[in-house]
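The values are calculated or read from the model by the stated rules, or taken from the named source; none is laboratory data. The structure displayed is predicted, hence computed values, not measured ones. Positions of Cβ are generated from backbone atoms using ideal geometry, with glycine treated the same way; all protein chains shown enter the neighbour counts. Each accessible area value is taken on the protein alone, full model and side chains, heavy atoms only, with ligands, DNA and RNA left out. Shrake-Rupley method; radii C 1.70, N 1.55, O 1.52, S 1.80 Å.
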Amino acid sequence: MLANRKLILAHFWFAFSVFGVALTLGAWQMFIRSPIGTWLSNPELYYRSLTAHGTVMGYVFPTLVAMGFGYAISEAALEQRLVGVRWAWAGFWLIVLGSVMAIIPIALGRASVLYTFYPPLIGSPFYYIGVVLVVVGSWIWVALMAINLRVWRKAHPGAPVPLAMFANVAGSYLWAWTAVGAALELLLQIIPVSVGLKATIDAGLARVFFSWTLHAIVYFWLMPTYIAYYTIVPRAIGGRVYSDTMARISFILFLVVAMPIGMHHTFADPQVGAGFKFIHSAFTALVALPTLLTVFTICASVEIAARLRGGRGMFGWIRALPWDNPMMLALAFSFVMLGLGGAGGLINMSYQLDASIHNTQWITGHFHLIFGGAIVIMYFAIAYDLWPHLTGRELIDLRLIRTQLWLWFIGMIVTTFPWHWVGILGMPRRMAYFDFGHPAIAPQALSVTFSAFGGFILLTSGLLFLVILARGMRAPQADAGPYRFAIAVHQPATVPVALNTHALWVALMIVLTITNYGYPILTLALTEGTSVPAVYVGAQ
Amino acid sequence: MSARDLFTFRNRHFTAGVGIIAAMLIVTAIAGFIVLPFAQPWVQFANFWDAICSAAGVPQRAANVTAPEQTKRLSEVVLTSHTLSRPSQEAIGRGATLAQRCAICHGPTGISRADSPNLAGQYAAVIYKELHDFRSGARTNAVMSPFAVNLTDEEIADLSNYYAYLPRLPAYHPTPQLPKPNIVIYGAPMRGIAPCGACHGSLDNKTGSPWLEGQSEAYMKAQLEAFAGGERRNDISQQMRNIARALTPQEIEAAAAYYASQPPDIVKAVD
């Protein structure tokens with residue numbers, strides 16, 4: 001059993017509880033703007049709900065999962081006592097405080113600015129300060145991960161860092177640096193306006209700052225999922241990691257190329273030069289590389305498991321896989337959604353193709369499929385895998401777990417496929433109301449209705465997930481043994497220094513941020529007359 | 001295993017990592033800043049530097065394009081939610097004295113009998129903005145402009161505070177309350193028209209937008225038509241003109257009649 005199970009359980013329970021609330025809000029939003037809902041005559045309520053949904057799902061939930069999982073990895077993979085437990089609790093409570101502080105103004109309708117802030121919309125300062133506290137809390141975790149690795153290195157000079165910890169620390173560094181963009185936007189631009197020190201804001205510059213955060217944050221969300229692919233799944237299904245080196249290369253590639261690509265979110269923004277948009281677009285294409293490497297390595301790892309179980313033939317081994325194992329099921333679902341969502345992502349990142357789907361429902365469909373689908377389903381898997389080691393009790397009801405995973409997969413497909421489709425038809429995103437009685441959009445009513453039903457399926461699955469975890473807290477006691485990670489076919493005895501440390505890749509990440517963001521940020525910051533009056537939410 | 005072993009060109013991982021990234025950057029920069037700008041046959045560049053500056057997004061004005069001449073004055077008022085938020089009693093008193101000259105049209109209690117706007121209890125920011133615009137010429141009216149032209153900044157603030165301080169009384173000519181028309185609560189999404197209520201009350205209120213309940217139907221209709229026809233142009237970024245131009249005459253009638261029929265005591269309590 002893990003020594004810091006209370007700490008990790010606190011992170012997971014808070015994460016999954018707020019996830020349950022945000023999921024309910026999400027399902028309500030799908031319903032209320034679909035033809036089956038009665039229009040509630042107040043778009044402000046919709047945006048309030050949307051802000052809460054985004055803030056929880058984007059900032060609170062994945063950050064806490066990454067943190068809780070990170071503490072578990074640090075303890076189990078390094079096989080040493082977690083250094084800085086008190087600090088870890090401080091980080092946790094900062095996040096709780098920040099979440100409460102942010103959610104109150106949202107609930108009061110004083111911060112309906114959506115989680116992407118969208119200046120010149122300005123909400124209550126408590127909302128932004130709450131978000132800052134969440135980020136600061138998570139930075140404590142980043143520091144703790146680095147410190148724990150350092151302590152381990154001192155005790156094991158020259159030894160290869162366990163893959164799970166290597167990847168975990170890479171993810172934490174990525175988060176530390178990518179959060180700087182939004183932090184600069186909040187601290188230098190939004191909060192001064194929000195507390196009344198200034199009345200105008202450079203919305204273009206703010207959008208560039210936010211794009212710094214907005215893409216790499218997705219890879220931070222993705223990290224626990226990829227760590228689970230490499231270090232949990234092969235062990236859980238009885239296989240081996242096909243290549244430890246390939247795994248390390250994937251993670252360092254994420255570190256380097258996930259950062260300098262965010263401007264593909266601002267393709268339609270006039271304040272950014274086309275040359276920079278092109279560079280960002282090209283680097284975004286590169287980020288497909290670590291994912292393709294991962295898909296290859298994991299398929300090979302899974303094949304090893306299948307062949308060990310007696311699988312034969314070119315594709316015959318697929319049948320020999322342990323399909324009743326929830327981890328296998330989660331991986332398969334995650335890969336299908338990753339493949340489909342990734343293909344959609346290639347469309348978003350290309351300058352020309354993006355023009356046809358920019359700011360349409362396609363985008364919302366895309367990030368729900370990738371994040372809500374491929375990533376979150378592995379969060380479920382991580383929780384299921386860790387639960388017996390956290391509670392000292394067995395999760396017995398595998399059938400219920402499989403049902404939950406199936407429902408999530410089906411729900412996500414039913415929700416996001418029509419969502420993509422209406423986006424191609426031109427339906428804009430961030431709208432509280434659609435007049436489906438109008439002949440021009442009446443044909444989209446059916447697709448949106450399907451989508452809403454998908455939302456209900458997801459809600460059912462999410463609640464089932466919480467029920468399974470809660471029941472797991474009361475199951476009969478059983479010792480799950482030490483928590484182990486998958487081992488590679490060729491466990492490395494030595495690893496080149498470049499693949500055993502992060503310094504080179506962190507340096508490249510920072511250099512690329514400067515080359516790709518430096519000039520646009522500087523010109524926007526130094527150009528006069530680019531600010532616009534702030535629009536205060538809920539103010540008269 | 002130290003930083004010195006890593007950050008050296010003797011380490012092939014370092015050389016490969018830095019080399020590949022640098023090569024990528026150079027190739028994409030050449031493509032993005034030189035090749036692609038010149039690949040656009042419809043854009044002419046004087047030289048390479050011109051193309052690079054254009055692709056980098058350097059703020060510049062094309063030499064052969066002159067900025068359109070601005071003949072009409074635009075509104076220069078900046079409003080925030082803090083504008084005039086805490087008036088003193090003295091300011092309100094001075095405003096009351098000044099307001100005596102407004103009473104002939106806007107009524108001694110701020111309720112008009114002449115199809116002018118009712119000002120009693122109107123948001124201070126709204127009166128503040130309109131008076132500034134009348135004074136600067138961004139908004140013109142044969143009757144109002146001469147009154148506003150000699151007002152000082154302080155007098156405008158005092159008048160705004162005074163009228164905002166007055167209680168909202170039922171309109172002078174109330175009609176039976178009408179049901180909410182679609183244009184007020186839904187707008188017309190397919191024509192890009194936000195609901196009236198999203199800014200003017202009923203649903204939400206935005207800084208600088210007046211509440212409209214109980215105002216004169218003739219006045220509101222005339223203003224919407226003035227926005228649509230471009231005679232009134234003191235709305236920032238044409239937000240009202242864009243809406244008014246897209247409204248049908250029936251929608252203008254419906255919105256004006258609806259708001260005129262509402263008693264002002266149902267103004268959404270956001271202040």
B:ALA188 versus (1) among the hydrophobic types (A, V, I, L, M, F, W, C); (2) crowded, with 23+ Cβ neighbours inside 10 Å; (3) over 30 Å from B:THR71 (Cα atoms): which is the lone unmet condition? (2)
Restricting attention to the range A:238-251, does a residue exist that is under 18 Å from A:PHE69 (Cα atoms) and within 14 Å of chain B (Cβ to nearest Cβ)? yes
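For the range A:22-40, check the following and say yes or no: at least one residue is closer than 30 Å to A:ARG86 by Cβ and more than 14 Å from every other protein chain (Cβ to nearest Cβ). Full working, then the answer.
The first filter runs over the range A:22-40 and keeps only residues closer than 30 Å to A:ARG86 by Cβ, leaving A:22.
Retained after the next criterion (residues that are more than 14 Å from every other protein chain (Cβ to nearest Cβ)): A:22.
Yes, that holds for at least one residue.
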Residue under question is A:VAL511, and the condition is that it be without any contact (Cβ under 8 Å) to a residue 60 or more places away in the chain and under 30 Å from A:ALA258 (Cα atoms); does it hold? yes
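On the basis of being open to solvent by less than 60 Å² (accessible area, probe 1.4 Å), aliphatic (A, V, I, L, M) and under 29 Å from the mean Cα position of the chain (by Cα), does A:LEU458 make the cut?
Values: open to solvent by less than 60 Å² (accessible area, probe 1.4 Å): yes; aliphatic (A, V, I, L, M): yes; under 29 Å from the mean Cα position of the chain (by Cα): yes.
When the stated conditions are applied, A:LEU458 passes them.
Which members of the range A:424-445 meet the condition of being within 24 Å of the chain's Cα centre (by Cα) and more than 29 Å from A:LEU464 (Cβ to Cβ)?
Restricting attention to the range A:424-445, the residues satisfying the condition of being within 24 Å of the chain's Cα centre (by Cα) are A:428-431.
Those that are within 24 Å of the chain's Cα centre (by Cα) and more than 29 Å from A:LEU464 (Cβ to Cβ): A:PRO428, A:ARG430, A:MET431.
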Given (1) crowded, with 20+ Cβ neighbours inside 10 Å; (2) in contact with a strand residue (DSSP E or B) (Cβ under 8 Å, 6 or more places away or on another chain); (3) over 30 Å from A:MET427 (Cα atoms), index of the condition A:GLN361 fails: (3)
Give the number of residues within the range B:99-146 that are surrounded by 16 or more Cβ atoms within 10 Å (Cβ to Cβ) and either assigned by TED's automatic domain parsing to the domain that holds B:ARG241 or part of a helix (DSSP H, G or I) (or both). 17
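Residue by residue, here is whether (1) at the interface with another protein chain (Cβ under 8 Å from one of its Cβ atoms); (2) assigned to a loop (DSSP other than H, G, I, E, B); (3) hydrophobic (A, V, I, L, M, F, W, C) holds:
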residue	(1), (2), (3)
A:ARG474	no, yes, no
A:TYR483	no, yes, no
A:THR494	no, yes, no
A:LEU499	yes, no, yes
A:TRP505	yes, no, yes
A:LEU508	yes, no, yes
A:THR515	yes, no, no
A:THR523	yes, no, no
A:GLY529	no, yes, no
Answer yes if at least one residue in the range B:31-51 is open to solvent by less than 70 Å² (accessible area, probe 1.4 Å), at pLDDT 90 or above and more than 28 Å from A:LEU526 (Cβ to Cβ), and no otherwise. yes
Any residue in the range A:304-312 that is assigned to a helix (DSSP H, G or I), open to solvent by less than 10 Å² (accessible area, probe 1.4 Å) and either under 19 Å from A:HIS215 (Cα atoms) or not charged (D, E, K, R) (or both)? yes
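Determine whether A:ILE396 is farther than 30 Å from A:ARG48 by Cβ and not aromatic (Phe, Trp, Tyr). Full working, then the answer.
Details: farther than 30 Å from A:ARG48 by Cβ: yes; not aromatic (Phe, Trp, Tyr): yes.
So A:ILE396 fits the description; yes.
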Determine whether A:LEU400 is assigned to a helix (DSSP H, G or I), open to solvent by less than 20 Å² (accessible area, probe 1.4 Å) and touching a Lys or Arg at 6+ places or on another chain (Cβ under 9 Å). no
Working only within the range B:179-195, note down all residues that are facing chain A (nearest Cβ under 8 Å) and touching a Leu at 6+ places or on another chain (Cβ under 9 Å). B:ILE185, B:ALA188, B:PRO195
Give the number of residues within the range A:255-301 that are of a type in the set (Gly, Ala, Ser), within 11 Å of chain B (Cβ to nearest Cβ) and either more than 21 Å from A:THR178 (Cβ to Cβ) or open to solvent by 50 Å² or more (accessible area, probe 1.4 Å) (or both). 3
Apart from one, (1) over 30 Å from A:SER41 (Cα atoms); (2) away from every other protein chain (no Cβ under 14 Å) all hold for B:SER160; the odd one out is (2)
Out of the range A:177-211, which residues are open to solvent by 30 Å² or more (accessible area, probe 1.4 Å) and part of a helix (DSSP H, G or I)? A:TRP177, A:VAL180, A:LEU184, A:LEU187, A:LEU188, A:ARG207
Given the condition surrounded by 14 or more Cβ atoms within 10 Å (Cβ to Cβ), out of contact with any helix residue (DSSP H, G or I) (no Cβ under 8 Å at 6 or more places or on another chain) and under 21 Å from A:PRO224 (Cβ atoms), answer yes or no: does some residue in the range A:317-333 qualify? yes
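Looking at the range B:229-253, which of its residues are in contact (Cβ under 8 Å) with a residue 24 or more places away in the chain and out of contact with any Ser or Thr (no Cβ under 7 Å at 6 or more places or on another chain)?
Looking only at the range B:229-253, we keep the residues that are in contact (Cβ under 8 Å) with a residue 24 or more places away in the chain, and these are B:232-236, B:242-243, B:246-247, B:251-253.
Of everything in the range B:229-253, those that are in contact (Cβ under 8 Å) with a residue 24 or more places away in the chain and out of contact with any Ser or Thr (no Cβ under 7 Å at 6 or more places or on another chain) turn out to be B:ARG232, B:ARG233, B:ASP235, B:ASN242, B:ILE243, B:ALA246, B:LEU247, B:GLU251, B:ILE252, B:GLU253.
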Is it true that some residue in the range A:453-469 is in contact (Cβ under 8 Å) with a residue 24 or more places away in the chain and either within 14 Å of another protein chain (Cβ to nearest Cβ) or more than 24 Å from A:GLY373 (Cβ to Cβ) (or both)? no
When you scan the range B:132-144, do you find a residue that is within 14 Å of chain A (Cβ to nearest Cβ), of a type in the set (Val, Ile, Thr) and within 21 Å of B:GLU217 (Cβ to Cβ), even just one? no
Could you run through the range A:179-202 and say how many residues are modelled with pLDDT under 95 and in contact with a Phe, Trp or Tyr (Cβ under 8 Å, 6 or more places away or on another chain)? 1
Has the range B:202-210 got any residue that is open to solvent by 40 Å² or more (accessible area, probe 1.4 Å), within 14 Å of chain A (Cβ to nearest Cβ) and charged (D, E, K, R)? yes
Scan the range A:19-45 for residues that are farther than 17 Å from A:HIS368 by Cβ and buried (at least 21 other Cβ atoms within 10 Å of the Cβ) and jot them down. A:PRO43
